[in-house]
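*Asks:* If you scroll down you'll find the structure; I have some questions about it.
Just so it is clear, none of the values below were taken in a lab; they were calculated from the coordinates. Quantities reported herein were computed from a predicted structural model and do not represent experimental measurements. Reconstructed Cβ throughout: ideal geometry from the backbone, glycine too, with neighbour counts over all protein chains shown.
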Amino acid sequence: MKRKIIASLLGVAGSLAMVASSQAQGFVNFLSSGSDVDAPVKFGQTASVGGVNGVSGVNVGSEFTADLLYSLNGTTFTRLDQASAAAGGAYPTAFLATDGDLANGAGYFVGPTVTIPGYSSGAVSFIVEAYHGSSYVAADWKGQSAVFVVPSLATGLATPGDLVGMQGFVVTVPEPSIFALAGLGAAGLMAFRRKK
């Protein structure tokens, strides 16, 4: 009888521990400029696309958006959703100032404190995306940071850390895909054959 009671108590304790760990979360400040990070985003080429006149090496402006991807295992990345913005500020986050206006923060973003779901302890890998348009996939200008690892996150909302280790990166105009080029080539051949 005592063994059954002890086994039951251990089972309940184990279940509670699993629930607590499954609902764990970490917190981080989503910003590219602060005491622990300085990571401006610049144009990687000179081009005029989608109403943006980009100049290579110039910091991007407020028409761009920043988004965050995270990985708890270092391999599978998940895009942070809007519900994970824990405190203040819009997410995804707009960049400050206008293109090249360094005095007012062009090339930088200051977003909210965000929640990393499922975090309990250890390192977290991150990627920051910058893009112009409704989404990263549909963007006419876009770029990603290199993967960087934050050794640990705060588990209390009152003491979130920064995205330490993030480096600046560039946005460019994506090149057309192979399929798009093949489609243009096929259309050109058909037009050429019709003329003969």
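*Asks:* Where Lys and Arg each count +1 and Asp and Glu each count -1, what net charge lies around VAL114 among other residues with Cβ under 13 Å from its Cβ?
*Replies:* -2
*Asks:* Here is a further query. Express the relative contact order of the stretch 36-173 as a whole percentage, based on alpha carbon pairs under 8 Å and six or more residues apart in sequence.
*Replies:* Numbers: 327 pairs, mean separation 40.0, N = 138.
Taking the mean separation of contacting Cα pairs over the length of the stretch 36-173, I get 29 percent.
*Asks:* Here's a follow-up. Can you check what the net charge comes to around GLY133, using other residues whose Cβ is under 11 Å from the Cβ of GLY133 (Lys, Arg +1; Asp, Glu -1)?
*Replies:* Values: positive: LYS142; negative: GLU63, ASP140.
After counting each charged neighbour, the total is -1.
*Asks:* Next question, about the same structure. Can you pull the one-decimal nm distance between simple spin-label points at SER33 and ALA87, each 7 Å off the Cα toward Cβ?
*Replies:* 2.2 nm
*Asks:* Ok, one more. Grab the Cα-Cα distance for VAL55 and GLN144, subtract it from 0.36 nm times how many residues apart they are, and report the gain in nm with one decimal.
*Replies:* Values: separation 89, 0.36 × 89 = 32.04 nm, distance 1.79 nm.
Stretched fully, the VAL55-GLN144 segment lengthens by 30.2 nm.
*Asks:* Starting at the first residue of the stretch 84-100, write each ³J(HN,Hα) from the Karplus equation 6.51 cos²θ - 1.76 cosθ + 1.60 with θ = phi - 60°, in whole Hz, x for Gly and Pro.
*Replies:* Coupling constants for the stretch 84-100: 8, 6, 7, 8, x, x, 7, 9, x, 10, 7, 6, 8, 6, 10, 3, x Hz.
*Asks:* Calculate the dipole size of the stretch 22-189 relative to its Cα centre from +1 charges on Lys and Arg beta carbons and -1 charges on Asp and Glu beta carbons; express the result in debye to the nearest 20.
*Replies:* Details: 3 positive and 11 negative charges, 47 e Å.
My answer is approximately 220 debye.
*Asks:* Once every Cα of the stretch 22-189 carries one equal point scatterer and solvent is ignored, give the base-10 log of I(q)/I(0) from the Debye formula at q = 0.09, 0.13, 0.15 Å⁻¹, two decimals.
*Replies:* -0.33, -0.64, -0.81
*Asks:* Let me ask something else about it. If the chain between GLN167 and THR78 were fully stretched, how many nm would it gain, using 0.36 nm times the residue separation less the Cα-Cα distance?
*Replies:* Values: separation 89, 0.36 × 89 = 32.04 nm, distance 1.96 nm.
Here the segment from GLN167 to THR78 would lengthen by 30.1 nm.
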